[in-house]
Each structure stands twice: as C-alpha cells, then as structure tokens.
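Chemist: Sending over a structure as structure tokens; questions will come in a sec.
The values are calculated or read from the model by the stated rules, or taken from the named source; none is laboratory data. The shown structure was predicted, so the numbers you read here are calculated from the model rather than taken from an experiment. Ideal geometry is used to build each Cβ from the backbone, glycine not excepted, and the neighbour counts take in all protein chains shown.
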Amino acid sequence: MIKKSIILATIIVSLILVLAASAFVYNKKKDYSNQVSFSDIITIEKLLGYKIKDVSLSGERISFYQEKFKELKTRIQKTPEDINAWLSLGMTKKSVNDFEGARDVFLYVTQKYPTDAVAFGNLGDLYSNFLKEPQKAEEAYKQALRISSGYSSYYIGLGEVYLYLMPEKTSLYEQVMLDGSRRFPQDPYFISSLASYYKKSNQTQKAIEQYEKLIQLDPQDKAVREDLAELKLIKN
C-alpha cells in the first residue's frame with residue numbers, strides 16, 4: 001500500500017514537473033514572440049510620435065500641427081505602406097523644427113522604399129541646411145539624382161553643399177550647375193548661378209555666355225544688361 005502511494009506520488013510529481021517545464025518553454029516562446037512584436041511597435045511608435053520644438057509657434061498653429069500629426073498617425077496605422085503619409089509626416093516634423101525626428105522618418109522611408117528619390121532629397125536638405133552634416137547631405141543628394149534627375153532642387157541642393165559647406169570640393173559646383181542647366185535649360189536659376197560664379201572667379205568669357213542666355217530669357221532685365229556690358233568692357 002505504501003509502495004503504491006509512493007509510486008503514485010512519484011508519477012504525480014513527475015507529471016507536474018513535465019507540465020511546469022512545458023509551460024516554461026511555452027512562456028519563453030510566447031514572451032520572446034511578444035518581445036519582438038513589442039520592439040517593432042515601439043520603433044514605429046517612436047517614428048509616429050512628435051515633438052513641437054518651434055517655440056515661436058502660436059497656440060493656434062500648435063493645435064493645427066497636433067491635429068496634423070494625429071491625422072497622419074491614423075493614416076499610417078491604417079495603411080503602413082502609404083509612402084505619401086510617411087513623407088508628409090517627415091515634412092510636418094521638419095515644419096515644427098524636429099529635425100532629428102524628420103531625419104529618422106526619411107531614413108525609414110529610404111530603407112523601406114530605396115528607389116524613392118523624394119526621401120533622399122529631403123534628407124539632403126535636412127543634412128545640409130539644418131543638421132549641418134555636409135558629407136551626408138552630399139551622398140543623399142547624389143543618391144536622389146541617381147534615382148531621378150527630374151527635380152531641379154536636387155542639383156541646386158548638391159551645388160550649394162559644394163559651394164557653401166565643402167570648400168575642399170568647391171570645384172565640383174560648376175559641373176553640377178552645368179548638369180542642371182542642361183537638364184532644365186529654361187530655368188534661370190542655373191544660368192544666373194553660373195553667371196555669378198564665373199564673374200566672381202574672373203572667368204569673363206564664360207560669364208558673358210551665361211549673361212547672354214539670361215538676356216534671351218528676359219530681354220527687359222536692366223541689371224543683367226548692365227552686368228553684361230561691364231563684362232564686355234573688361235574683356236576688351
């Protein structure tokens with residue numbers, strides 16, 4: 001009788017240990033799964049969060065941006081692949097001076113959609129004009145141009161990085177502006193920029209050529225006519 005009780009007790013204890021071990025393994029798996037999921041949610045939630053860092057905003061504008069953030073968060077949670085919503089979120093964060101937050105959103109977009117030129121272009125602008133990281137700005141603009149050359153702002157942005165932020169690469173400015181001018185022949189920005197660059201660097205003949213192009217675009221521009229006349233006197 002005693003032996004039967006001992007055997008039964010042993011079986012019960014063994015069964016309890018097996019069940020406990022099974023539960024432990026199951027819970028470990030379940031916890032691990034939840035941890036991964038939770039980590040992913042935290043990452044997205046961080047991107048969807050916002051900080052209004054522009055202290056000059058009025059209460060009305062703050063309310064406007066708060067509503068904008070809520071709207072974009074709802075859109076993204078409903079349709080995470082909505083790239084336009086992500087881009088709008090990055091631009092909205094930039095609008096309230098949360099430049100690091102905007103950067104993180106655009107970086108996320110470039111990882112999720114590596115063929116989207118707009119995200120790279122926005123990164124170039126952030127890195128050059130707000131975060132003051134010219135090397136990263138250069139690479140972002142170059143990548144945007146590799147993907148699409150259809151935006152004049154990418155040429156302009158890259159050129160300004162070379163001209164104002166990277167003195168060791170200022171010589172690259174001319175080529176970028178020439179590329180932009182060929183891609184957008186009717187855009188006066190590239191022509192006037194080259195005209196000014198050549199004039200300041202004493203490349204008189206090249207400056208004259210650009211000023212003559214400006215005259216063709218706007219024959220009534222008095223200031224351009226005066227500069228052109230001055231340059232022709234210098235040449236002669």
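Chemist: State whether one or more residues within the range 38-50 are at pLDDT below 50, more than 30 Å from residue 143 (Cβ to Cβ) and either over 21 Å from the mean Cα position of the chain (by Cα) or in the same structural domain as residue 145 (by TED's automatic domain parsing) (or both).
Modeler: yes
Chemist: Let me ask something else about it. What are the pairs, 6+ residues apart or on separate chains, where a residue within the range 148-160 that is more than 18 Å from residue 114 (Cβ to Cβ) has its Cβ under 9 Å from a residue that is part of a loop (DSSP other than H, G, I, E, B)?
Modeler: 152/184; 152/187; 155/149; 155/184
Chemist: Would you confirm, using the coordinates I've provided, whether residue 95 is surrounded by fewer than 17 Cβ atoms within 10 Å (Cβ to Cβ) and modelled with pLDDT under 95?
Modeler: Answer is no for this residue.
Chemist: Return the residue satisfying two criteria in turn: it lies in the range 41-82 and is surrounded by 14 or more Cβ atoms within 10 Å (Cβ to Cβ) and of a type in the set (Lys, Arg), and of such residues it is nearest to residue 105 (Cα to Cα).
Modeler: Across the range 41-82, the extreme among qualifying residues is 73.
Chemist: From the list 135, 143, pick out the single residue that is closer than 19 Å to residue 105 by Cβ and in the same structural domain as residue 178 (by TED's automatic domain parsing).
Modeler: 143
Chemist: Looking only at the range 216-236, count every residue that is exposed (fewer than 14 other Cβ atoms within 10 Å of the Cβ) and within 38 Å of the chain's Cα centre (by Cα) and tell me the total.
Modeler: Of the residues in that region, 3 qualify.
Chemist: Let me ask something else. Of everything in the range 156-191 that's among the hydroxyl-bearing types (Ser, Thr, Tyr) and not in a helix (DSSP H, G or I), which residue is surrounded by the fewest Cβ atoms within 10 Å (Cβ to Cβ)?
Modeler: 171
Chemist: Follow-up. Of these, 100, 60, which one is within 13 Å of the chain's Cα centre (by Cα) and part of a helix (DSSP H, G or I)?
Modeler: 100
Chemist: Across the range 127-140, what is the total count of residues that are aliphatic (A, V, I, L, M) and surrounded by fewer than 22 Cβ atoms within 10 Å (Cβ to Cβ)?
Modeler: Within the range 127-140, residues that are aliphatic (A, V, I, L, M) and surrounded by fewer than 22 Cβ atoms within 10 Å (Cβ to Cβ) number 1.
Chemist: Please go through the range 193-207 and give me each residue that is of a type in the set (S, T, N, Q) and either in contact (Cβ under 8 Å) with a residue 24 or more places away in the chain or assigned to a loop (DSSP other than H, G, I, E, B) (or both), ordered by number.
Modeler: If the condition is that a residue be of a type in the set (S, T, N, Q) and either in contact (Cβ under 8 Å) with a residue 24 or more places away in the chain or assigned to a loop (DSSP other than H, G, I, E, B) (or both), then 193, 201, 202, 203, 204, 205 are the ones that fit.
Chemist: How many of the residues in the range 170-190 are among the aromatic types (Phe, Trp, Tyr) and more than 24 Å from the chain's Cα centre (by Cα)?
Modeler: The qualifying residues number 0.
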